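One structure is given here, and the rest of the page talks about it.
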Amino acid sequence: MSALFDLTGRVALVTGSSRGIGNALARALAEAGATVVLNGLSTERLAKAEQLMSADFPEGRIRSCAFDVTDDEAAAYGVRWVEENVGPLDILVNNAGIQHRVPMLELDVKDWERVVSTDLTSAFLVGREAARHMIPRGRGKIINIASVQADLARPTIAPYVAAKGGLRNLTRAMTAEWASSGLQINAIAPGYIHTEMTQNLVDDEAFNSWILGRTPANRWGTVQDLAGPAVWLASSASDFVNGQTIFIDGGMTVVV
Ligand code: NAP
């Protein structure tokens, strides 16, 4: 059974993995046996992340390539770099994402475009480049990191909600075009995850008790909660799972 989840010999690229959820997903894939390429914008942060993670794995299993996922040519360069320097790309995790909180009436179009291009267009750009290599080989896994906001809205985060909803349907569009070539494209939609980024929300008593009350599991998620689903969707265990968005949210999206 464990062979179904074994990623030994597979090459994975995780965008936005210099920190946060992407970093934890990269570690999970590496622990399942994959050679993992980390990515981010800041070369300094990326080098530090590569150095830190490399200490826990055999030499050469953790690599890094800095590129901007919102840029067409940079995305092509990044995927080409992996193919030429690490090996044929088996697994792509489109994780890079940003948030921008402001009421819609005050929202500048530049900020709208910045969020949509980082949280949605990037998955098309990097996904298209990856698929161009995966399709001739007849196999590949693409995992798009969405959010409960793929399905639910909240005030002040309109571009994020629109982008994550779009990402859910982009997952379906990729499936419609590429599944017959042996690719599985799915999405993970995390709920509220306790990370460095959300520590201030955890510390906010009112927000924290709203989250606990709103979540049937009565707790925040952890990055560890995302590891198993990510390994499953990256592995042969999910070879007939196509175009799905898996909500990892303690049940938040099934209750009102
Ligand atoms: P984070 O800690 O802010 O990390 C974001 C990562 O994305 C960093 O590695 C950053 O690189 C990279 N990045 C940003 N813009 C980029 C670009 N243009 N090109 C390449 N890399 C870029 O984020 P996070 O909270 O872990 O979130 C990761 C993903 O999970 C996002 O898609 C987010 O929407 C989703 N999510 C998060 C939560 C949560 O509770 N945190 C819940 C649901 C969904 P640098 O370090 O170089 O800036």
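The values are calculated or read from the model by the stated rules, or taken from the named source; none is laboratory data. Predicted, not measured: the structure shown is a model, and the values here were computed from it. For neighbour counting, all protein chains shown are included, and Cβ atoms are generated from backbone atoms with ideal geometry for every residue, glycine included. Areas reflect the complete protein model, heavy atoms only, side chains present, ligands, DNA and RNA absent. Shrake-Rupley method; radii C 1.70, N 1.55, O 1.52, S 1.80 Å.
General observations
- Residue within region 74-82 that is surrounded by fewer than 22 Cβ atoms within 10 Å (Cβ to Cβ), in a loop (DSSP other than H, G, I, E, B) and modelled with pLDDT of 95 or more present: no
- Residue list for region 121-160, filter: more than 12 Å from the ligand (Cβ to nearest atom), under 14 Å from the mean Cα position of the chain (by Cα) and open to solvent by less than 10 Å² (accessible area, probe 1.4 Å): 127, 142
- Subset of region 31-41 that is open to solvent by less than 10 Å² (accessible area, probe 1.4 Å) and part of a loop (DSSP other than H, G, I, E, B) - its residue that is nearest to residue 90 (Cα to Cα): 34
- Residue that is closer than 19 Å to residue 231 by Cβ, among the charged types (D, E, K, R) and at pLDDT 95 or above, where the choices are 119, 90: 90
- Number of the condition not met by residue 28 [criteria: (1) open to solvent by less than 60 Å² (accessible area, probe 1.4 Å); (2) part of a helix (DSSP H, G or I); (3) within 7 Å of the ligand (Cβ to nearest atom)]: (3)
- Listing of helices (runs of 4 or more DSSP H) fully contained in region 169-251 that carry 1 or more residues being open to solvent by 30 Å² or more (accessible area, probe 1.4 Å) and in contact with a strand residue (DSSP E or B) (Cβ under 9 Å, 6 or more places away or on another chain): 223-234
- Neighbours by Cβ (under 7 Å, 6+ apart or cross-chain): first from region 185-202, closer than 12 Å to residue 145 by Cβ; second assigned to a strand (DSSP E or B) and within 10 Å of the ligand (Cβ to nearest atom): 187/144; 188/145; 188/248; 189/248; 190/221; 190/248; 193/221
- Sole exception among (1) open to solvent by 30 Å² or more (accessible area, probe 1.4 Å); (2) within 15 Å of the ligand (Cβ to nearest atom); (3) among the charged types (D, E, K, R) for residue 108, by number: (2)
- Extreme residue, farthest from the ligand (Cβ to nearest atom), among residues of region 7-25 that are of a type in the set (A, V, I, L, M, F, W, C) and open to solvent by less than 30 Å² (accessible area, probe 1.4 Å): 7
- Residue check, residue 49 touching a strand residue (DSSP E or B) at 6+ places or on another chain (Cβ under 7 Å) and within 12 Å of the ligand (Cβ to nearest atom): yes
Table: residues versus (1) open to solvent by 30 Å² or more (accessible area, probe 1.4 Å); (2) touching a residue at least 24 places away in the same chain (Cβ under 8 Å); (3) farther than 25 Å from residue 190 by Cβ.
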| site | (1), (2), (3) |
| --- | --- |
| 5 | yes, yes, no |
| 43 | yes, no, yes |
| 58 | yes, no, yes |
| 72 | yes, yes, yes |
